[in-house]
Amino acid sequence: MDDDKIEAAAEVLRGAERVVALTGAGISAESGVPTFRGPDGLWKTYRAEELATPEAFQADPVLVWEWYEWRRGRVAAVEPNPGHIVLARWQTTFRSFTLITQNVDGLHAKAGSADVVELHGNIWKLRCTAEGTVTENRAHPLPELPPRCPACGALLRPHIVWFGEPLDRATLGRAFAASEACDVILTIGTSAVVHPAASLPLTAAAAGARVIEVNPEPTPLTLSAHVSLRGPSGVILPAVDERLRALRQA
Ligand SMILES: [Zn+2]
């Protein structure tokens with residue numbers, strides 16, 4: 001771990017009032033959540049791209065729900081890591097802190113983060129296909145497949161953005177508004193190549209924010225980041241947090 005870079009990141013955060021953190025699959029992978037893409041996503045003979053679509057759900061909702069039941073079971077078995085814990089603590093460290101995630105596993109909430117901007121939805125939330133109402137349901141296994149809306153009887157689907165579907169406009173609006181208004185944006189465990197999430201640090205930087213990157217590998221964002229930290233977030237973020245607290249007490 002590069003102590004000078006940890007110090008630099010803590011210095012950038014020291015005077016920040018409005019902070020945004022954008023997290024991706026890397027922080028979940030550290031906790032043991034499979035990516036559900038490639039070989040990790042294989043279930044029976046299906047790939048994620050064949051099941052996480054509105055067409056697949058229309059053709060066979062039970063099949064799609066069986067796959068989500070399998071995923072919910074795997075996600076239920078994992079715990080937040082020290083990176084998640086630091087991000088939950090930072091809710092009260094800064095005047096304004098917005099946590100935006102590409103992950104659907106709900107680990108940020110499990111770590112204590114509130115009001116997380118979930119760009120791709122949440123595997124613990126169900127949405128009525130007729131009314132659009134969203135409810136949290138952590139039951140595993142679900143009592144019946146496919147689950148039905150208690151209010152109207154229509155099919156419930158996972159509250160997840162599937163392949164071929166647009167991101168929720170209001171959610172995206174919150175993410176961009178926070179990014180445009182922040183002093184510092186951290187990108188954590190994301191390769192920063194998938195739009196629109198990849199646009200958030202660029203938007204923040206264009207509006208004058210400083211960018212801190214935390215990722216084991218370099219990404220397209222690395223060259224333009226003010227501080228780029230190589231390593232797992234579960235190691236880097238606690239180190240930055242410790243240094244930040246020391247600076248603030250000095
Ligand atoms: Zn309904």
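Descriptive notes on the structure:
- Over region 51-131, equivalent-ellipsoid semi-axes from the Cα gyration tensor in Å: 30, 15, 8
- For Q249 and R74, the difference between the fully extended length at 0.36 nm per residue and the C-alpha to C-alpha distance is 58.9 nm.
- Against the main long axis of the alpha-carbon atoms of the chain, helix 169-181 sits at an angle near 0°.
- P(r) tail fraction, the chain - alpha-carbon pairs more than 29 Å apart, %: 31
- Considering only T93, A59, V12, and ranking their Cα positions along the charge dipole of region 1-100 that arises from unit charges at the beta-carbon of Lys, Arg, Asp and Glu, the one farthest toward the positive end is T93.
- Taking Cα atoms only, the orientation of helix 61-76 departs from the longest principal axis of the chain by about 40 degrees.
- Accessible area (Å², per residue) of region 42-193, counting only protein heavy atoms and a probe of 1.4 Å: 46
- Straight Cα distances below 18 angstrom link K44 to the aspartates and glutamates D60, E66, E69, with same-chain residues fewer than 8 positions distant left out.
- With R₀ fixed at 30 Å, the C-beta to C-beta distance from D60 to V235 puts the FRET efficiency at about 0.10.
- For region 44-92, the fraction of alpha-carbon pairs in successive 10 Å shells from zero, as %: 22, 34, 21, 21, 3
- Lysines whose Cα lies under 27 Å from that of K110, excluding same-chain neighbours fewer than 8 positions away: K125
The values are calculated or read from the model by the stated rules, or taken from the named source; none is laboratory data. Given the structure is predicted, the values throughout are model-derived calculations rather than measurements. Positions of Cβ are backbone-derived with ideal geometry, glycine not excepted, and every protein chain shown enters the neighbour counts. Accessible surface is based on the protein model in full, side chains and every heavy atom, while ligands, DNA and RNA are left aside. Shrake-Rupley method; radii C 1.70, N 1.55, O 1.52, S 1.80 Å.
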